[in-house]
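The values are calculated or read from the model by the stated rules, or taken from the named source; none is laboratory data. Quantities reported herein were computed from a predicted structural model and do not represent experimental measurements. Note that each Cβ is placed from the backbone with ideal geometry, even for glycine, and that neighbours are counted across all protein chains shown.
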Amino acid sequence: MIEFRNPHHIEPPGVLRQILSHPVNDTEVIELAVFQEHRYAFFYWNKWMQDNKSKIPPCLVSMDWHQDLCYPCETEREWLDKLDLTSDAEVALFSWAKLAGNNDGHILCAAYLNLIGDIYVHCRQEMEPNTWQDEELIDTYGNKHTIKKFKTYEGLQDALLKSSESSVFFDIDLDFFSVNNGLSDGSFEFTYLQEEEIRTMFDKDHPLISWIFERIKGFTIATEPEHCGGLLKSNKFLDLISDIYFNPELFAPKCNWK
C-alpha cells in the first residue's frame, strides 16, 4: 500500500469536490464531485454510503451516452470482496488502478458491493436487440439490483415518478449531451443537443429533476472530454450545468444552489 502524505485527506487524482446545502431539505447537506474519469464515481458512492446511517443504498440515476454497465468478472469480484471499504486509501487506489480504464464497469462493481441500489440509466448506446430490457444483478450479500435502461427522457421520468425510491445518487456524464458520438462510432463527427433543450431537461422545476432533488444524497459529474468531442466542448457543458443550478459558479467561494 502506498503511504499517503496526508492520510486524512485522500481522494482519486484530479477530483474536485464541493459541499453544498441540500437543494430541497434545509436540514441536510450533500457533496458534488467532478472528475474526468467516470470510474471515480465509485469512490464517492462508497464514501457517501460509509456516512449513510440507514445503510440502505440510494438508487442510481445516471445520464450518459454510454451504458457503462459491464458486469464484474470473476477476478474483479474477488478483488471487490477483498476491498476494505472503510479505507479511503484502498478505495481511491482501487478506483484509479483496478476499475476498468475505459470507465464501463464502475456501476455494477458498486452494485455488487451494495453501494447503490437499483439502477436507472438514460443513455443512447444501443448494444443489441434487447438493449432496453431490464436486467438483474445479485450482489455479494445476496441482494437483487434491478438495472433499468431508458432510450428516452420521458421513459426515465415515468419510471421514477411511479417508483417508491426514497433516495438517489444523481450522476451525469457530459458526453450525454452528444447525440451522434463520433468517438463511439469511429466517425469522429459529433452532433449535440441544443442548449435550450438541455436547459429544459435539467431545469430544477422540471418534474423529473424536482423528483431527483427531493431525494438526492450525492451528485457526480464526469467530464470525459474525449467523449464530448474535445476539452472545450466538455467545459462548455460543465459551465452550462453550473449556470443552470448554481450561483456563483461551481467551486467559487460561497457557491450554492440558485
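Among the criteria (1) more than 28 Å from Pro72 (Cα to Cα); (2) touching a Pro at 6+ places or on another chain (Cβ under 9 Å), the one Ser167 does not fulfil is (1). When the residues of region 205-232 are filtered to those that are within 18 Å of the chain's Cα centre (by Cα) and part of a loop (DSSP other than H, G, I, E, B), the one that is nearest to Asp104 (Cα to Cα) is Glu224. Against the conditions (1) closer than 24 Å to Leu16 by Cβ; (2) free of Cβ contacts under 8 Å to residues at least 40 places away in the same chain; (3) out of contact with any Ser or Thr (no Cβ under 6 Å at 6 or more places or on another chain), Glu249 satisfies every one except (3). Pairs meeting the criteria (first residue in region 177-190 and closer than 20 Å to Ala222 by Cβ and touching a residue at least 60 places away in the same chain (Cβ under 8 Å), second residue of a type in the set (D, E, K, R) and assigned to a helix (DSSP H, G or I), beta carbons under 7 Å, at least 6 apart or on different chains) are Asn181/Asp175. With the structure loaded, tell me whether Gly182 is modelled with pLDDT under 95, surrounded by 13 or more Cβ atoms within 10 Å (Cβ to Cβ) and touching a Gly at 6+ places or on another chain (Cβ under 7 Å) or whether it fails that test. Considered against the rule, which asks whether it is modelled with pLDDT under 95, surrounded by 13 or more Cβ atoms within 10 Å (Cβ to Cβ) and touching a Gly at 6+ places or on another chain (Cβ under 7 Å), Gly182 comes out as yes. For beta carbons closer than 6 Å, sequence separation of 6+ or different chains, a first residue in region 214-229 that is farther than 23 Å from Pro58 by Cα and a second that is hydrophobic (A, V, I, L, M, F, W, C) and surrounded by 21 or more Cβ atoms within 10 Å (Cβ to Cβ), the qualifying pairs are Cys228/Leu174.
The condition of being at pLDDT 95 or above and within 15 Å of the chain's Cα centre (by Cα) holds for only one of Trp96, Trp79, Trp65, that being Trp65.
None of Leu160, Leu115, Leu156 is surrounded by 14 or more Cβ atoms within 10 Å (Cβ to Cβ), assigned to a loop (DSSP other than H, G, I, E, B) and either on the phi > 0 side of the Ramachandran plot or not aromatic (Phe, Trp, Tyr) (or both) except Leu115.
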